[in-house]
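Worksheet: the structure to be examined is printed underneath.
Rule-based calculations on the coordinates, nothing more; no lab input. Bear in mind that the values here come from a model prediction, so they are computed numbers and not experimental data. FYI the Cβ positions are ideal-geometry reconstructions off the backbone, even for glycines, and counts take in every protein chain you see.
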Amino acid sequence: MRKVILIAWKDLYTALHNTGVVLGFILTPLVLTLVTGFAFGRSGTGELHAVPVLVVNQDEGTLGRALVDAFHTPEMAEVFAVQEARDPESARAAVEAGDAVAAIVIPADFTALLENERGGEEATVVLYTDPTHPIGASAVEEALSAVLGEMATRRVAVEVLVQQLAARGCARPPESVTLARKAVRHLDAVHPLEVRVEDVSGRKATAFDWRGYMAPSMAVFFLLFTVAAAARTILSEQELGTLARLLVTPSTPVQVLGGKMLGTFLVGLSQMTILVLADGLLFHIRWGTPTGVALLVIAVTAAASGWGLLIAALARTSAQVSAGSTALALIFSAAAGNFFPRWALPGWLRTVSLISPNAWALDGFRALAEGASVLDVGDEALALFVMAAVLLVIAVALFRRRMQEI
């Protein structure tokens, strides 16, 4: 074990004393985080596509259908992606799971109440929202209020018209009531409504902070390059002949390989630790509970190291490692949301990107920043550790075969 640690320590010492590593993998992500923060501040929509909204229409009358149709107009379709749900429970669950930003529930007696057939009772439209998407949730609430407001305005116009007809003797009171009901029905007019908004995520709504989002994003993005560069030293030493000389020493191939792999992990862990501390001290980034952050840092470093070592094991030259790691890092980062808010991506892409350590890490760091506990990010950490274990097993098998050929 001592030889494994010595080999790992040598690689870590060499990396941290390399000016290119310090400038490229530590200062660069800090500068990008700072520039992004100045450019966008604590604002930004975070909503790059139509806001997903669910509608539950429990009303069998014409006015409930009219309210649903109002959200299917071409103007609304440019802003909202509206789908109808079966029941309030499934709609609320979808909002809680992050599959929708909001859900509108139209009560079963909507039309009856609005046509004043229930003695003036008030109809209540329930709006479930996810406060972690403040821009999208506010847009849905404003749109719903605007639609109901327009319908209420039409009702006032109808009532004034009917009253004027009755005052001039054009319609007797019984006829006025019938006329008013028909006009309300045809104009989609409504009795004043209550819109009850319920936040269902259980997390506090906060203004979107670009700098707070980009800090972990850039750290994870550059982590992939760092661990790939560390893993590349295995092939570099093979090309220079130092790996063969190392294998003829009393050190076994397992010790040499273990030391190189541990060194790759320690280099990545050092980078992540430095970036987390620097972002917190320099930019006052709110990372969340230290225990949860430490767990995620270790987990994502292990998973990223697994990918870096796998690329090195598959490549035949150090140049191939550089090319392969760059391509993989860019693909993973674009698919997972390192360059823009992850929740703005299409649902299918968010699912596919879970093959990368980026996606799990970004979800976990985002949750911690919003106040989640270490237990709340257990799934993300477990997924990253499982990913690391699978990748390392494959990489070890490939490397052992290669060392037998040296």
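Using modelled backbone amide H atoms (1.01 Å from N, in-plane), which distant-in-sequence or interchain residues come within less than 5 Å of Val56's amide H?
Ala85, Ile104, Val105, Ile106
Under the Karplus relation 6.51 cos²θ - 1.76 cosθ + 1.60, θ = phi - 60°, what is the ordered set of whole-Hz ³J(HN,Hα) values for the stretch 78-88, x standing for Gly and Pro?
6, 10, 10, 9, 9, 10, 8, 9, 6, 8, x
For a protection proxy built on the mean count of beta-carbon atoms within 10 angstrom, sort 350-359, 209-218 highest first, please. Intermediate values should be presented prior to the final figure.
Values: 350-359: 20.3, 209-218: 24.5.
In descending order of packing, they fall as 209-218, 350-359.
Go through the stretch 332-345 residue by residue and turn each phi into a ³J(HN,Hα) via Karplus (6.51, -1.76, 1.60, θ = phi - 60°); whole Hz please, and just put x for glycine and proline.
4, 5, 5, 6, 8, x, 6, 9, 7, x, 4, 6, 7, 7
By its C-alpha gyration tensor, with a ≥ b ≥ c as the square roots of the eigenvalues, how is the stretch 263-365 shaped: rounded for a/c under 1.5, else prolate for a/b larger than b/c, else oblate? Walk me through the numbers before you get to the answer.
Working: a/c = 2.04, a/b = 1.22, b/c = 1.68.
Cα axes put the stretch 263-365 in the oblate bin.
Run the simple label-point estimate for Arg401 and Arg2 please: 7 Å along Cα→C-beta, distance reported in nm.
Going from the Arg401 label point to the Arg2 one covers 3.5 nm.
Tell me which residues come under 5 Å, amide H to amide H, from Ala81 once H is placed; ignore anything under 5 positions away on its chain.
Counting only residues 5 or more places away or on other chains, the set is Val51, Val53.
Using mean Cβ contacts within 10 Å as the protection proxy, how do 9-18, 98-107 order, highest first?
Working: 9-18: 15.8, 98-107: 23.2.
Order by mean packing, descending: 98-107, 9-18.
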